[in-house]
Amino acid sequence: MNVAVMGYGTVGVGVVEILRRHGDDIAQKVGQPLQVTKILVRHEYPGSPDTELFVQEFDQILRDESIQLVAEAMGGLHPAYDYIKACLEAGKSVVTANKELVAEKGAELLAIAARQGGNLLFEASVAGGIPILHTLTNCLWANRITRIAGILNGTTNFILTKMFREGMSFDRALGIAQEKGYAESDPTADVEGIDACRKICILAGLAFGCQVLPAQVPTKGISSVGPEDVQYAAGWGGAIKLLGQCSLAEDGRVWISVEPAFVPGSSQLCRIDDVYNGVAVRGDSVGEVVLYGPGAGRFPTASAMVSDLMEAARATGTLPMYRWEDKGDRTADPMTQPTACYLRLEGPGAGDKARELFGQVEELDRAGRPAEEFACITPQLPLGEILLRVEALEKAGIRLLGRMPVSPL
Ligand code: HSE
């Protein structure tokens with residue numbers, strides 16, 4: 001079966017390399033060889049072993065009826081969306097690592113794939129090499145999924161680990177993440193939580209069957225996390241992680257967010273460091289399942305893409321297994337979500353005032369804590385209620401220096 005690869009960056013090169021390196025093995029597993037016959041490139045790559053396969057016009061792939069499988073590794077919304085849509089309309093199957101595209105246009109593209117009898121597979125779009133999408137849609141299919149919490153961005157987990165465990169500067173840690181091919185072309189998407197947001201939208205779509213768009217998700221990155229917060233988390237026995245979370249509210253709507261959170265030491269997510277990602281899924285029958293593995297990088301991502309190509313090759317002509325629908329905005333009001341919060345406060349009598357307003361709080365400590373600084377974990381309350389009490393603290397002259405939710409997993 002002939003394959004076209006669109007994009008020849010970190011991931012595209014990985015896909016071509018794995019297909020070449022494991023060609024015989026793949027042929028045996030799939031029942032026929034998967035042969036890359038065209039690679040769509042934007043530039044020349046002098047000295048590349050694949051020069052003969054390069055094409056610069058997408059139409060050369062679209063009009064080539066011998067190509068039934070297309071691997072998209074260009075990233076970005078345009079022109080990837082137009083290309084993938086055209087391929088699906090033409091009945092080709094498409095495999096992609098493009099989380100932006102799937103998060104924004106998944107419902108529409110999956111419907112086209114279903115109508116035209118192709119597949120749209122995107123295991124690589126969430127958590128790199130971790131097989132979380134297949135796990136959700138196959139192995140945990142019998143469950144009603146109630147909650148997902150994940151470290152979904154390798155770059156920020158790498159930066160948090162290097163900065164706070166090894167004392168490296170933010171710029172140096174980001175530079176290494178870029179050198180290693182973990183970061184997005186514009187790393188703001190990593191640092192500000194935008195990339196993790198796209199991934200939690202995809203997970204919510206698969207878990208709850210409804211499209212959640214990135215613009216509907218309250219999203220915060222890691223730039224507000226300070227060393228003091230990290231010290232308090234460590235003293236508490238936990239860690240701060242950038243978490244994408246979604247859960248089902250009682251009315252069937254979806255609470256969803258991306259933000260740095262206090263993760264307790266008892267959670268398996270607490271010990272997931274460096275570029276690794278981890279996803280905890282709670283299902284009504286299975287309980288909690290945690291998957292862990294490399295979340296970014298050439299070969300982990302290409303591993304998921306090539307496996308999807310192999311599956312698409314075997315499943316050509318059958319319906320795609322992924323599906324979610326645009327049911328309008330299904331997100332629940334974040335202010336109604338029950339949560340405990342970490343608070344870092346400053347001002348005279350901050351501890352007493354916090355106790356007055358919240359009742360029993362869990363007090364935290366760190367080496368070198370200034371006399372007027374007070375940090376604690378609040379009891380679990382609806383977020384809106386916590387914010388009202390914080391407002392009352394501020395009116396009483398107490399400054400809020402840090403606030404993060406405490407992850408219940
Ligand atoms: N920039 C992404 C990350 C790549 O760091 O996780 C994998 O999606």
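The values are calculated or read from the model by the stated rules, or taken from the named source; none is laboratory data. Small disclaimer: the values here were computed from a predicted structure and weren't measured. With ideal geometry, Cβ positions are generated from the backbone for all residues, glycine too; neighbour counts draw on all protein chains shown. Heavy atoms of the whole protein, side chains included, go into the accessibility calculation; ligands, DNA and RNA do not. Shrake-Rupley method; radii C 1.70, N 1.55, O 1.52, S 1.80 Å.
For (1) under 26 Å from S223 (Cα atoms); (2) open to solvent by 40 Å² or more (accessible area, probe 1.4 Å), each residue gets a yes or a no:
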residue: D251; (1), (2): no, yes
residue: A261; (1), (2): yes, no
residue: P264; (1), (2): yes, no
residue: C270; (1), (2): yes, no
residue: Y276; (1), (2): yes, yes
residue: V279; (1), (2): yes, no
residue: S285; (1), (2): no, yes
residue: E288; (1), (2): no, yes
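Select from the stretch 352-389 the residues that are exposed (fewer than 13 other Cβ atoms within 10 Å of the Cβ) and aliphatic (A, V, I, L, M) and write down the one among them that is farthest from M404 (Cα to Cα).
Step by step, filter the stretch 352-389, then rank; the result is A371.
Is there a residue in the stretch 91-106 that is surrounded by fewer than 21 Cβ atoms within 10 Å (Cβ to Cβ) and hydrophobic (A, V, I, L, M, F, W, C)?
Scanning the stretch 91-106 turns up no residue that is surrounded by fewer than 21 Cβ atoms within 10 Å (Cβ to Cβ) and hydrophobic (A, V, I, L, M, F, W, C).
Would you be able to tell me the number of residues in the stretch 22-55 that are part of a helix (DSSP H, G or I) and within 23 Å of S125 (Cα to Cα)? Steps first, please.
Just the residues of the stretch 22-55 that are part of a helix (DSSP H, G or I), to begin with: 23-30, 51-53.
Pick out the ones that are also within 23 Å of S125 (Cα to Cα) and you get 26, 30.
Result for the stretch 22-55: 2.
Show the residue pairs that are 6+ apart or on different chains and have beta-carbon atoms under 6 Å apart, the first residue being within the stretch 294-312 and among the basic types (K, R), the second being in a helix (DSSP H, G or I) and open to solvent by 40 Å² or more (accessible area, probe 1.4 Å).
R298/T10
Failed condition for A127, given (1) within 16 Å of the ligand (Cβ to nearest atom); (2) more than 16 Å from the chain's Cα centre (by Cα); (3) part of a loop (DSSP other than H, G, I, E, B), with all others met?
Going through (1) within 16 Å of the ligand (Cβ to nearest atom); (2) more than 16 Å from the chain's Cα centre (by Cα); (3) part of a loop (DSSP other than H, G, I, E, B) one by one, A127 breaks only (2).
Being assigned to a helix (DSSP H, G or I), open to solvent by 10 Å² or more (accessible area, probe 1.4 Å), assigned by TED's automatic domain parsing to the domain that holds V254 and within 12 Å of the ligand (Cβ to nearest atom) narrows it down to one of A177, A189, so name that one.
Sole residue among the options that is assigned to a helix (DSSP H, G or I), open to solvent by 10 Å² or more (accessible area, probe 1.4 Å), assigned by TED's automatic domain parsing to the domain that holds V254 and within 12 Å of the ligand (Cβ to nearest atom): A189.
Return the residues of the stretch 130-155 that are within 13 Å of the ligand (Cβ to nearest atom) and touching a Pro at 6+ places or on another chain (Cβ under 9 Å); say none if nothing qualifies.
Selection gives I130, G154, T155.
Considering each residue of the stretch 192-213, count those that are assigned to a helix (DSSP H, G or I), open to solvent by 20 Å² or more (accessible area, probe 1.4 Å) and more than 11 Å from the ligand (Cβ to nearest atom), and give that number.
3
Just need a number here: residues in the stretch 298-309 that are under 23 Å from C201 (Cβ atoms) and either in contact with a strand residue (DSSP E or B) (Cβ under 6 Å, 6 or more places away or on another chain) or surrounded by fewer than 20 Cβ atoms within 10 Å (Cβ to Cβ) (or both).
Selection size over the stretch 298-309: 3.
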